Amino acid sequence: MSDLVLWEVRNGVGHIILNQPDQGNVISTPMAHALTAVVQQASRAEIGAVLISASGKQFCVGGDIREFVQNREQLPALIEELLSALNPVMQTLVTLPVPVISAIQGNIGGGGLGLGLCADLVLASSKVFLRGGYSAIGLSPDLGSSYYLSRRAGAARAKYLLMSNRPVSAQDALRMGIFDELHEPDQLMPEAIKLAEELAAGATNALAHIKKLCDNAHGHDLAQHLQEEKLAIADCSRHANSREGVNAFLEKRQAAFTRR
């Protein structure tokens, strides 16, 4: 695999690390192929959580504008190639049956919004700024950026952010619901790793059901959703983790869940 995106497994957590710091972790064609390989690896791994992070001062500034300029006569074909590769990657990443956490240590914009905000839980540095970026170069969003901004901040706020391109501070992003937690820069990765490892040690089957139920909630009416909840909790109750969790609660000890 390319060193543009690193893959490591530590303490039950699969780490996806964007690793092109000198270029702001831009989403170039080589980066797209590297990310594809890593996400495929994640989908096959026996892990309890995934943590997405990045090297350098910026999380991901979006598409590689230099590559766009170099291919300006074939830009539609280049974008088609990139998204034909990356859209299935995003679908695989967000539907992994484990919690996905992102740790946004630096500024984020463009397609980086999709990569950072697709996570189930989004942690960020208190010094981060977020910016849409697309309309400034005459393009519309990709990689789920408009989807996740709308889900997290609401459609009206997402339109404002993407159309105006005004930078948003970490504190404002937290207030809007775009970020879930803020931490001082030197504490972000320790806190993100701590959370990811706690979730990886949890009842993976129950967490998978929680993830699916919450992601699908807006697509169901109440009656259908209650039925989905009934099926999910019944499935959990048949798992050894349920028995272990109840016993641990009664015995006032930490539960020892399994990822089977």
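Bear in mind that the values in this text are calculations on the coordinates, not laboratory data. Keep in mind it's a predicted model, so treat the numbers as computed, not measured. Positions of Cβ are backbone-derived with ideal geometry, glycine not excepted, and every protein chain shown enters the neighbour counts.
Within the chain, antiparallel bridges make up roughly 30 percent of the DSSP beta bridges whose residues both belong there. Applying Stokes-Einstein at 25 °C and 0.890 mPa s to the Kirkwood radius of the stretch 204-251, computed over alpha-carbon pairs, gives a translational diffusion coefficient of 212 µm² s⁻¹. The tail of the calculated P(r) for the chain, taken as Cα-Cα distances beyond 31 Å, holds 27 percent of the pairs. Each helix, a run of at least 4 DSSP H residues, gives -39500 (n - 2.57); summed and divided by the residues of the chain, these come to -16000 deg cm²/dmol at 222 nm. Computed over neighbours whose Cβ is under 15 Å from that of Met163, the net charge equals +4, Lys and Arg +1, Asp and Glu -1.
To make sure I understand, if each residue's beta carbon is the centre and we count other beta carbons within 10 Å, what order do Asp142, Asp64, Asp22 fall in, fewest to most? Numbers along the way, then the final one.
On the way: Asp142 21, Asp64 24, Asp22 8.
Final ranking by Cβ density, sparse to dense: Asp22, Asp142, Asp64.
The Cβ shell under 14 Å around Leu18 holds other residues with a net charge of -3, Lys and Arg each +1, Asp and Glu each -1.
Where nothing but the Cβ of Lys and Arg (+1) and of Asp and Glu (-1) is charged, how large is the charge dipole of the chain around its Cα centre, in debye to the nearest 20?
Working: 23 positive and 26 negative charges, 92 e Å.
Dipole about the Cα centre, nearest 20: 440 debye.
Under the simplified labelling scheme, the Lys230-Ser2 pair shows an inter-label distance of 4.9 nm, with each label point 7 Å from Cα along Cα→Cβ.
Distance between the C-alpha centres of the stretch 44-98 and the stretch 114-187: 16 Å, rounded to the whole angstrom.
Among the GluC sites (Glu not before Pro) within the stretch 156-210, which fall in a DSSP loop and have no more than 15 other Cβ atoms within 10 Å of their own Cβ?
Working: sites: Glu181, Glu191, Glu197, Glu198; in loops: none.
In loop regions of the stretch 156-210 (DSSP not H, G, I, E or B), there are no sparsely surrounded GluC sites (Glu not before Pro).
For Ala232, what is the net charge nearby, where nearby means another residue's Cβ is under 13 Å from its Cβ and Lys, Arg count +1, Asp, Glu -1? Don't skip to the answer; put the middle values down first.
Numbers: positive: Lys211, Lys212, Lys230, Arg238; negative: Asp215, Glu228, Glu229, Asp235.
Once all neighbours under 13 Å are counted, the net charge is 0.
Ordering Ile104, Ile233, Ile16 from the fewest to the most neighbouring beta carbons within 10 Å gives Ile233, Ile16, Ile104. The tail of the calculated P(r) for the stretch 49-165, taken as Cα-Cα distances beyond 25 Å, holds 21 percent of the pairs.
Placing one equal scatterer on every Cα of the stretch 103-234 and applying the Debye formula, the log10 ratio I(q)/I(0) at q = 0.11, 0.12, 0.22 Å⁻¹ is -0.46, -0.55, -1.23. Taking Gln74, Gln105, Gln41 in turn, the Gaussian network model of the chain (Cα-Cα springs below 10 Å) assigns the largest fluctuation to Gln74. Computed over the chain, relative contact order equals 17 percent, with contacts defined as Cα pairs under 8 Å that lie 6+ residues apart.
With R₀ set to 35 Å, the beta-carbon distance separating His220 from Gln70 gives a calculated FRET efficiency near 0.15.
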